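Participant: My questions will all concern the structure given below.
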């Protein structure tokens, strides 16, 4: 154990009782110091608040300050000398903590920076308490310092690493959210394109009318409804008369224009519950649902024939096209879409052979 110097102040020497008490503490401190100072970057001290001198500093204390323990005690001759080791920005805060400790006798815990003789800055945590109090005044304090620089650096680095990790996680989350949004958009776009392709596979590009496959599906549905309602479903197979000659004389583009006009006229003659489809270059199929007497079918077919033969005008030129219509009726002429369409097609060709520009039922030829 290092020697303890008892310093004489203007008020006299340190009392023997006080000195013995200090020595007892020192013996305990040295025992602990030998075991823990090296491991915990610790140092211990006893400070005489009356004469403002250290009675004892441990070897660990000196090591933290970068000097020998005895050299440090010889160097520090007042509280001001002790505060001078502390970085200027921290001194006022540390002094306030010391004063509270000395005036009130409460435990003091404070963290601050010191500048060692080698110029290095170290962070210390000091914990001290009153060792002897007389008449409400602290005479001796006993405490410990710990070098927490590496802990603060580690904590700072850990905090920075945490911040970087959070930034990375946020960035990755935003990236994933954007990717998910893009994938959702691509999925919706694929679904839209698939639906469009599906529709185009069943829809005529020129007129926008259903093609034969969709027409057959709707006819089967109409037949099932007719079975329940005990009403008729009629299939009208419409073939344009001599359309090829008109198409050849006008040109392909004008022929397409004429087909769209014809499709528009046909749609204007049907109900929302009926279906009009284009099944060939100049052929259409019309499904009439929920019909009663045969006379109703006859009236509708006659209206269509009359509407088709009205002239069309293209750039001041009059175009004339008529239509031949074959009719098959459920349940009289068949029980499936394919059969009824076939029967109506057959009836249409009979109308063409008999002079065109008219309509006829398949059942009339039986």
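Participant: Please go through the range 97-137 and pick out each residue that is more than 18 Å from residue 60 (Cα to Cα) and either under 52 Å from the mean Cα position of the chain (by Cα) or not assigned by TED's automatic domain parsing to the domain that holds residue 43 (or both).
Facilitator: Kept after step one, since they are more than 18 Å from residue 60 (Cα to Cα), are these residues of the range 97-137: 97-110, 119, 129-137.
Those that are more than 18 Å from residue 60 (Cα to Cα) and either under 52 Å from the mean Cα position of the chain (by Cα) or not assigned by TED's automatic domain parsing to the domain that holds residue 43 (or both): 97, 108, 109, 110, 119.
Participant: I need the full set of residues from the range 65-101 which are more than 17 Å from residue 125 (Cα to Cα) and touching a helix residue (DSSP H, G or I) at 6+ places or on another chain (Cβ under 6 Å), in order please.
Facilitator: Hits for the range 65-101 are 68, 69, 72, 76.
Participant: Conditions: (1) surrounded by fewer than 17 Cβ atoms within 10 Å (Cβ to Cβ); (2) touching a helix residue (DSSP H, G or I) at 6+ places or on another chain (Cβ under 7 Å). Residue 131 meets all but one. Number of the miss?
Facilitator: It fails just one condition, (1).
Participant: On to the next question. Return only the number of the condition from (1) modelled with pLDDT of 90 or more; (2) over 16 Å from residue 215 (Cβ atoms); (3) touching a helix residue (DSSP H, G or I) at 6+ places or on another chain (Cβ under 8 Å) that residue 286 does not satisfy.
Facilitator: In the conditions (1) modelled with pLDDT of 90 or more; (2) over 16 Å from residue 215 (Cβ atoms); (3) touching a helix residue (DSSP H, G or I) at 6+ places or on another chain (Cβ under 8 Å), residue 286 misses (2) alone.
Participant: If you don't mind, there's one more thing I want to ask. Out of curiosity, is residue 218 closer than 30 Å to residue 301 by Cα, surrounded by 12 or more Cβ atoms within 10 Å (Cβ to Cβ), modelled with pLDDT of 85 or more and in contact with a helix residue (DSSP H, G or I) (Cβ under 8 Å, 6 or more places away or on another chain)?
Facilitator: No.
Participant: Among the residues that make up the range 233-242, is at least one of them in contact with a strand residue (DSSP E or B) (Cβ under 9 Å, 6 or more places away or on another chain), surrounded by 13 or more Cβ atoms within 10 Å (Cβ to Cβ) and assigned to a helix (DSSP H, G or I)? Give the derivation first.
Facilitator: So the first thing to find is which residues in the range 233-242 are in contact with a strand residue (DSSP E or B) (Cβ under 9 Å, 6 or more places away or on another chain), and the list is 233-242.
Still in the list and also surrounded by 13 or more Cβ atoms within 10 Å (Cβ to Cβ): 233-242.
If we keep only those that are assigned to a helix (DSSP H, G or I) as well, we get none.
Scanning the range 233-242 turns up no residue that is in contact with a strand residue (DSSP E or B) (Cβ under 9 Å, 6 or more places away or on another chain), surrounded by 13 or more Cβ atoms within 10 Å (Cβ to Cβ) and assigned to a helix (DSSP H, G or I).
Participant: Could you check the range 254-331 for strands (runs of 3 or more DSSP E) lying wholly inside it with 3 or more residues that are crowded, with 20+ Cβ neighbours inside 10 Å, more than 51 Å from the chain's Cα centre (by Cα) and assigned by TED's automatic domain parsing to the domain that holds residue 235?
Facilitator: Details: elements: 275-278, 283-291, 312-314, 317-319, 322-330.
Output list reads 322-330.
Participant: Specify which of the listed residues (316, 292) is farther than 23 Å from residue 232 by Cα and at pLDDT below 85.
Facilitator: 316
The values are calculated or read from the model by the stated rules, or taken from the named source; none is laboratory data. These numbers were taken from a predicted model, which means no experiment stands behind them. Glycine gets a Cβ as well: all are built from the backbone with ideal geometry, and neighbour counts include every protein chain shown.
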